[in-house]
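Just below is one structure, and these are the notes that go with it.
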Amino acid sequence: MSSYLKTQGIVLKEAYTGEADKVITILSKDHGKMSVFAKGARRPKSRLVACTQFLCYSEFLLFKGKDMYTISSCDVIETFSKASNDIIKLTYASHIIDIVYDTVQEGQYAAKELRLLLNTLYFLFNSDKSPDLITCIFEIRYLCLLGYAPYVNSCINCNEGNIKNIYFSFKKCGFLCNKYECLLQDSSAIKLLPGTVKALYHIVHSETKNLFNFNVSKDVLEQLKSISNRYLKERFDKNYTSLDYLKKLKTTDLNGTDSKNPDN
Ligand SMILES: [Zn+2]
């Protein structure tokens with residue numbers, strides 16, 4: 001009976017403990033969220049320095065102790081560390097990690113969640129795609145993984161698929177057409193721009209490998225953001241505030257970087 005466990009995982013949180021140790025929380029493919037003890041990881045020469053840092057993705061060999069797992073050895077697979085001095089991208093990453101941290105349980109098989117997270121971080125740190133768009137794509141697709149996919153195939157009320165003017169209903173969690181009796185279902189439904197309709201359909205239905213392969217106009221991005229924010233807030237009953245920091249940065253324009261700048 002081996003007390004060792006081999007798993008791949010990404011660091012969601014790190015906390016200091018003892019004189020030079022850390023307890024990290026990783027998202028692992030086979031066991032969901034795990035708390036792992038990293039002995040001596042804060043010593044500069046420790047072989048655990050890299051693999052116990054926020055956003056580092058590694059293969060871990062863990063030893064099952066009395067209270068929690070301890071890292072026996074690890075091999076770094078991807079660090080996402082090019083971004084460590086990019087405060088804006090790191091803020092987006094923190095927001096994304098907060099959502100995953102709150103929704104994955106310990107002992108849960110989380111292969112799909114892990115894959116989406118890794119893909120999202122990859123695009124966030126290795127492409128010049130708008131971080132706002134990447135975050136919207138992540139949020140909506142992640143909600144789909146958790147079983148909260150919005151209905152975007154046709155009008156959720158009359159099932160008409162060939163519709164010109166499409167509305168989004170938060171109450172009904174999907175598209176409504178502009179027929180009187182359909183809009184009566186939710187008088188607060190929001191009229192969507194054609195680009196938003198396409199983007200939502202793509203995010204819900206595309207294959208994982210194509211998920212991030214599209215761009216939108218500034219207006220569509222603003223609408224997508226407002227839908228994604230509200231949908232997330234209503235499903236999770238929680239306000240995620242990490243990104244508020246960027247609004248402050250923007251108003252004071254500390255570094256002149258416009259994080260909303262749409263990419264090519
Ligand atoms: Zn309808």
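Odds and ends about this structure:
- For the stretch 144-186, the alpha carbon convex hull comes to 61 Å³ per residue, rounded to a whole number.
- Full-extension gain in nm, residue 158 to residue 5, via 0.36 nm per residue minus C-alpha separation: 49.9 nm
- Rounded to the nearest 10 degrees, the inclination of helix 218-236 to the longest alpha-carbon principal axis of the chain is 70 degrees.
- Principal-axis tilt of helix 194-205 within the chain, Cα atoms, nearest 10 degrees: 40
- When the stretch 60-161 is reduced to its Cα atoms, the Kirkwood hydrodynamic radius in Å: 16.2
- Of the three principal axes defined by the Cα atoms of the stretch 1-65, the extents in descending order read 31, 26, 17 Å.
- A Förster radius of 30 Å combined with the Cβ-Cβ distance from residue 193 to residue 122 puts the calculated FRET efficiency at roughly 0.60.
- Counting Cα-Cα pairs of the stretch 1-140 in 5 Å increments starting at 0 gives whole-percent bin shares of 2, 10, 21, 23, 19, 14, 7, 3, 1, 0.
- Every helix of 4 or more DSSP H residues in the chain counts as -39500 (n - 2.57), and over all residues that averages to -11000 deg cm²/dmol at 222 nm.
- Per residue, the convex hull around the alpha carbon atoms of the chain comes to 152 Å³.
Throughout, read-outs are computed from the coordinates displayed, never taken from laboratory work. Being a predicted model, the structure only gives us computed values, none of them experimental. Glycine gets a Cβ as well: all are built from the backbone with ideal geometry, and neighbour counts include every protein chain shown.
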